[in-house]
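The values are calculated or read from the model by the stated rules, or taken from the named source; none is laboratory data. Note that the structure is a prediction, hence the values are computed from the model and not measured. Here the Cβ positions follow ideal geometry from the backbone for every residue, glycine too, while neighbour counts run over all protein chains shown.
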Amino acid sequence: MSPVLAGVLQLLALVAALGLSYRPLGDHMARVYSSEKHLRPEKWIYKAIGANPSVEMRWPAYLRGVLAFSAVSVLFLYLLQRVQGSLPGSLGFVSIDPDQAFNTAASFVANTNWQSYYGEQAMGHVVQTGGLAVQNFVSAAVGMAVAVALVRGFARSRTGELGNFWADLVRGTIRILLPISVIGALVLVACGAIQNFSGIHEVGQFGGGTQQWNGGAVASQEVIKELGTNGGGYFNANSAHPFENPTGLSNLFEIYLILVIPFALTRTFGRMVGSIKQGYAILGTMAAIWLGFTALMMWTEFAHHGPAFDIAGGAMEGKETRFGIAGSSLFSVATTLTSTGAVNSFHSSYTGFGGGLTMLGMQLGEIAPGGVGSGLYGMLIMAVIAVFIAGLMVGRTPEYLGKKIGTREIKFAACYILVTPALVLCFTAASFVLDTPANSMTNSGAHGFSEILYAFTSGANNNGSAFAGLNADTQWFNSTIGIAMLLGRFLPMVFVLALAGSLAEQKPVPETAGTLRTEKPLFTGLLVGTIMIIAGLTYFPALALGPLAEGLAA
Amino acid sequence: MSTITPTRPPKTGEPTGRPAGTGRVGGGLFDPRQLLASFPDAIRKLAPRVMVKSPVMFVVLVGSVVTTVLAVRNPGDWFGWAITAWLWLTTVFANLAEAVAEGRGKAQADTLRKAKTDTVARRVTKTGEERVPGTELHVGDLVVCEAGDVIPGDGDVVEGVASVDESAITGESAPVIRESGGDRCAVTGGTKVLSDRIVVKITTKPGETFIDRMISLVEGAARQKTPNEIALNILLASLTIVFLLAVVTLKPFAIYAGADEQTSLIVLTALLVCLIPTTIGALLSAIGIAGMDRLVQRNVLAMSGRAVEAAGDVSTLLLDKTGTITLGNRQAAEFVPVRGTTAAELADAAQLSSLADETPEGRSIVVLAKEGYGLRERHQGELDGAEWIEFTAQTRMSGVDVGGRKIRKGAAGSVVAWVKERGGTVSEDARALTERISQAGGTPLLVALEDDRGARVLGVIHLKDVVKEGMRERFDELRRMGIRTVMITGDNPLTARAIAEEAGVDDFLAEATPEDKMALIKREQAGGKLVAMTGDGTNDAPALAQADVGVAMNTGTSAAKEAGNMVDLDSDPTKLIEIVEIGKQLLITRGALTTFSIANDVAKYFAIIPAMFAVAYPSLDKLNIMGLHSPESAILSAVVFNALIIIALVPLALKGVRYRPSGADAMLRRNLAVYGLGGLVAPFLGIKLIDMLLTLIPGIG
């Protein structure tokens, strides 16, 4: 079988699997977030944290919940790393330095999972499983909660109440993420991923000498790493490591895990706003961008010519032979178009255009389909902007899902789209103005530029993947990327919840023949165009100096 | 004969103001000479205090100043001077657009000012009259106006009746009647009494009169940004910030890339101005002013821009039946004879008996007899010895006694009584016909004859409300636009239903009282709908105030005019439909130019990025897909295009984009194709063309 055909078949299998789970999972999530009942273990948790899960919250209260919970999480994770040296089960690793501990805490709480450390050389079982893996669950659940709050903003009228943050957080974790993770972990173990608490093994190498192999609860962390679009690997090699991602099948399954919740959330959205078709329109937009990026990525990676490429059947540098170009391209597109950031190949080694695609994927705001929760709310913000411009063109004050997009709404949406470009561009520019940051680059010229641009793009958009090449464990990068991750995660959430509150207070506008039909393919096309143009125009100059200059030179 | 006396002179003849099917909201006027005439105003608007109101254009202004300073410091650099000149032109063009839009209003304001010449008022005092300047009147003063006097201020007639020339305000030369009491008591300052004497009670302070408000409105002095305009400004401001970030951070990137020299401050400023949405930023306020102006040209005064915007969103239209949907009067539609009588006999009798009926209904019977039944027109003088019985409101009959024959025509009750009085019988037939016509929503009039065979009923005249031509099509159009029409009438539900069906409105409110109207509006609004209505009476005022778009008729009372947020000087209720279309057109123009403006940026990147970086990274020269001549010519072409496109689009901004009533989908598809795709492609062609022209200039080529 030719590698291209294999790639197409893998893609089809992936689409089929995602299609099969779309309805049941989407409907299940809608039920979870609409249900009145509390499960018994949930009640224990509410009692333990002293929260009343039945009280409705307006947006400031909801936001306070999000921020308070996240602040406590950052603090806890920071302290856990700082005292690692004195904890049992730490495999003898010492405590983490303050700047790296801050970076890692921010990273995992912000659902970014940028890692400036080597997992197998720095983090013991307690931090990995008791700290990082826990955040993999709850940071994802926070994202979903905020998305659901925005959906409720569209669905509800004349209230301003957005639900209860604690209930959404706990339910998302217990009823959605945990059950799928249990099944997923078993599948990964069946594929060959490891799951134990053993120590470090000295293993002999074929070429002489020895290497160290760590044990760990890898499969369980791997599954939530993908499912919660976190991306932080147990090992430094991330999903390229055979203990995390042993076979082509596990690779495809991990890609499926990355995409399954973000896509299915559009169904949840459709259900909750009372129009499945509106969910399909959003799904269509996400799927169109995802498929387009996948096709472009495969094309640029397969079609690259040169003697070395031709022998290897394409651009194989930095890719695992067990995944091939197709399995790597599928993975890299999925991981950068969601806020996952897990990698099974080195994005730095991709062709110029290929590397550019991974960056552009993140720069779109990670909305196709995006992170769990964050993808949906990011996409809905873009929909609000598209509706605003297009709505004017049909001669009415713009409205989306029966809610007017007025001054307040557009103000929040406009602030939202400002945050990440500001973080990415300013921090990248600052890195070039200052003397030392540039020392971290491995390459010079356009490729070196890409390394730093990629780092901040990844951090501010909460992706967490690395271009590889950049030495990010410096005070400058640990601090600035840490700040970029926190601001890139929580500032947008402020605007999303404020928007949700404003929408929920409105009375609905009835739909007429003069209303812009946002469930039609025309709108989907318009939304794709708006996303591409707004993100494209923002990053075009920067991309031109990195991947474009490189890609066009080839 | 009983018909409702219309409270305003009904507009007949002109069914809807424009033919259905082809009717579009036409553009305003645009004359290129206005550009020149408004130039001084445009220069005056360069004051930073004025410019800061538009964030996008303020950035351009700052950019112009920066490049000017740079050009002065390096006077030998032709490129710097060229960029500087075109950036200033960009700023001036934007101001020019606004100045032209305002200039059109100014001309109108001047005309109005002439009407507001200093008047001397004859104020009534306890002892008699005193002459005071019109500006010293107070609310509550009584003033006397006689033939030839200009009414000194807005007020209500409290005594007398007069014909008034309101052409100064409405442009309509036919005088109107103003009388005390009722719904025709309002007079406007600046209009002229032509006959008789009236006493007017002043209701508005000098300086705040209708004509004053009109002047400030058409001049744009009272213009405030509308909610949607503010929202759009926010979006444009945030895009400006994004591009500002993209350009500012580009400098360190360029230094790293080794393109420091190619990214001088002048070049970066040029890039910034090209990227920020200058096209829409420059034209935004002109679009708003022009929208108000299009209403003024249709003789509608909107008291706020908010109301114009709301008009575009209206989803329920309340339309009065009489004068809006139907012609003001009922008309004879058919002669229905009873058994034993021919239609010709009936027509003949109906015609004769109506010759002495000067009401519009009576005249319509004569017209029907002539046009529908081929009867020669006759006049009262033709018949010798005829005794004419004129129609009066008491007898409710008219007729003629001639040659031993007595013919009567009138309301069913009166004629039946007349026949019985004369010992005649009314056939069952006649009763059934009367019933049938009533059921169908018409008004039956009986025709009876007494001759040697005794008194008897000959037949029935079917009077009906005539729906104006083209209304059904207009309502269909409105339905396609997603607007529901509700007919308001004092008629009984039966009649109302029949007319509603004939006219094709979606719903009707029969036997409507002002309270019913109010309740209907509140009900619609509770469901999230925006309601528009017209009204003229004092009892309409609460509903006018409640409606999102309340159009008061100029003939109406001051209370109504005060309550509504628009005044129609022509007092044509049909205009509500046009107002809605103008509101939509305003929003569409904004959206279309925003889309165009943003789509333009793609081409500008392809011009400027290779110009800046092809030296550092030769591969980037492949982005120069337009094949522009040199980096300088490429950047200059983009800047020139960016400036010229503003001037090129001024006519569009002032006239508004073409608007055809249609569903949202069709409209979006068309506008996206024209302004989205057009905005993507046009600058590629434009920049290439300008670049080709530039290379012809010696020293550049």
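Observations, loosely collected:
- Check on A:PHE206, surrounded by 24 or more Cβ atoms within 10 Å (Cβ to Cβ) and aromatic (Phe, Trp, Tyr): no
- With respect to being under 23 Å from B:PRO661 (Cα atoms), over 23 Å from the mean Cα position of the chain (by Cα) and more than 14 Å from chain A (Cβ to nearest Cβ), B:GLU501 fits the description.
- Pairs with Cβ under 7 Å, 6+ apart, first in region A:524-552 and within 17 Å of A:GLY354 (Cβ to Cβ), second outside any helix (DSSP H, G or I): A:ALA549/B:TYR617; A:GLY551/A:THR351
- Checking each residue of region B:195-206 against the condition of being free of Cβ contacts under 8 Å to residues at least 12 places away in the same chain and either over 30 Å from B:LEU283 (Cβ atoms) or in contact with a strand residue (DSSP E or B) (Cβ under 8 Å, 6 or more places away or on another chain) (or both) gives no match.
- Restricting region B:361-417 to residues that are of a type in the set (A, V, I, L, M, F, W, C), touching a residue at least 12 places away in the same chain (Cβ under 8 Å) and in a helix (DSSP H, G or I), the residue that is surrounded by the fewest Cβ atoms within 10 Å (Cβ to Cβ): B:VAL367
- Any hit, region B:266-279, residues being of a type in the set (A, V, I, L, M), in contact with a Lys or Arg (Cβ under 8 Å, 6 or more places away or on another chain), surrounded by fewer than 23 Cβ atoms within 10 Å (Cβ to Cβ) and away from chain A (no Cβ under 13 Å): no
- For region A:495-516, the set of residues classified as surrounded by fewer than 24 Cβ atoms within 10 Å (Cβ to Cβ) and closer than 15 Å to A:LEU380 by Cα consists of A:PHE495, A:ALA498, A:SER502, listed by residue number.
- Against the criterion of being surrounded by 24 or more Cβ atoms within 10 Å (Cβ to Cβ), more than 14 Å from chain B (Cβ to nearest Cβ) and among the hydrophobic types (A, V, I, L, M, F, W, C), A:MET362 qualifies.
- A:GLU399 being more than 30 Å from A:ALA549 (Cα to Cα) and modelled with pLDDT of 95 or more: no
- Across region B:214-260, the qualifying residues are those that are among the hydroxyl-bearing types (Ser, Thr, Tyr) and more than 9 Å from chain A (Cβ to nearest Cβ), and the one among them that is surrounded by the fewest Cβ atoms within 10 Å (Cβ to Cβ) is B:SER216.
- Residues that are in a loop (DSSP other than H, G, I, E, B) and either among the hydrophobic types (A, V, I, L, M, F, W, C) or under 14 Å from A:GLY551 (Cβ atoms) (or both) within region A:308-359 comprise A:ALA315, A:MET316, A:PHE323, A:ALA342, A:VAL343, A:PHE346, A:TYR350, A:THR351, listed in sequence order.
- Region A:504-528 - residue that is within 7 Å of chain B (Cβ to nearest Cβ) and part of a helix (DSSP H, G or I) and, of those, farthest from A:ILE289 (Cα to Cα): A:LEU522
- B:THR125 over 23 Å from B:THR538 (Cα atoms) and of a type in the set (Val, Ile, Thr): yes
- Subset of region A:394-414 that is facing chain B (nearest Cβ under 7 Å) and assigned to a helix (DSSP H, G or I) - its residue that is surrounded by the fewest Cβ atoms within 10 Å (Cβ to Cβ): A:THR407
- Any chance A:PHE449 is within 9 Å of chain B (Cβ to nearest Cβ) and touching a residue at least 60 places away in the same chain (Cβ under 8 Å): yes
- Failed condition for A:GLY536, given (1) closer than 21 Å to A:THR428 by Cβ; (2) more than 25 Å from the chain's Cα centre (by Cα); (3) surrounded by fewer than 18 Cβ atoms within 10 Å (Cβ to Cβ); (4) of a type in the set (Gly, Ala, Ser): (2)
- Test set (1) farther than 27 Å from B:ASP77 by Cα; (2) of a type in the set (Ser, Thr, Tyr); (3) assigned to a helix (DSSP H, G or I) - B:TYR605 fails condition number: (1)
- Odd one out for B:ALA607, checked against (1) facing another protein chain (nearest Cβ under 10 Å); (2) surrounded by 24 or more Cβ atoms within 10 Å (Cβ to Cβ); (3) not basic (Lys, Arg): (1)
- Among the residues listed as B:ARG294, B:ARG298, the single one being surrounded by fewer than 21 Cβ atoms within 10 Å (Cβ to Cβ), modelled with pLDDT under 90 and away from chain A (no Cβ under 13 Å): B:ARG298
- For A:LEU423: the one exception among (1) at the interface with chain B (Cβ under 7 Å from one of its Cβ atoms); (2) in contact with a Leu (Cβ under 7 Å, 6 or more places away or on another chain): (1)
- Considering residues of region B:373-401 that are modelled with pLDDT of 85 or more and of a type in the set (A, V, I, L, M) only, the residue farthest from B:ALA356 (Cα to Cα): B:MET397
- Every residue from region B:495-515 that is closer than 23 Å to B:ILE579 by Cα, of a type outside the set (Val, Ile, Thr) and crowded, with 21+ Cβ neighbours inside 10 Å: B:ALA500, B:ALA503, B:PHE508
- A count restricted to region A:47-67 and to residues that are of a type in the set (Ser, Thr, Tyr) and more than 28 Å from the chain's Cα centre (by Cα) stands at 1.
- Residues (facing chain A (nearest Cβ under 7 Å) and under 27 Å from A:PRO541 (Cα atoms)) located in region B:579-598: B:GLY591, B:ALA592, B:THR594, B:THR595, B:ILE598
- Residue-level check: of (1) surrounded by fewer than 16 Cβ atoms within 10 Å (Cβ to Cβ); (2) more than 14 Å from chain A (Cβ to nearest Cβ); (3) assigned to a helix (DSSP H, G or I), B:MET518 misses just (1).
- Test: residue in region A:464-473 that is away from chain B (no Cβ under 14 Å), in a helix (DSSP H, G or I) and of a type outside the set (Val, Ile, Thr): no
- Of the helices (runs of 4 or more DSSP H) that lie entirely inside region B:628-701, those containing 1 or more residues that are within 14 Å of another protein chain (Cβ to nearest Cβ) and more than 37 Å from the chain's Cα centre (by Cα) span B:631-655.
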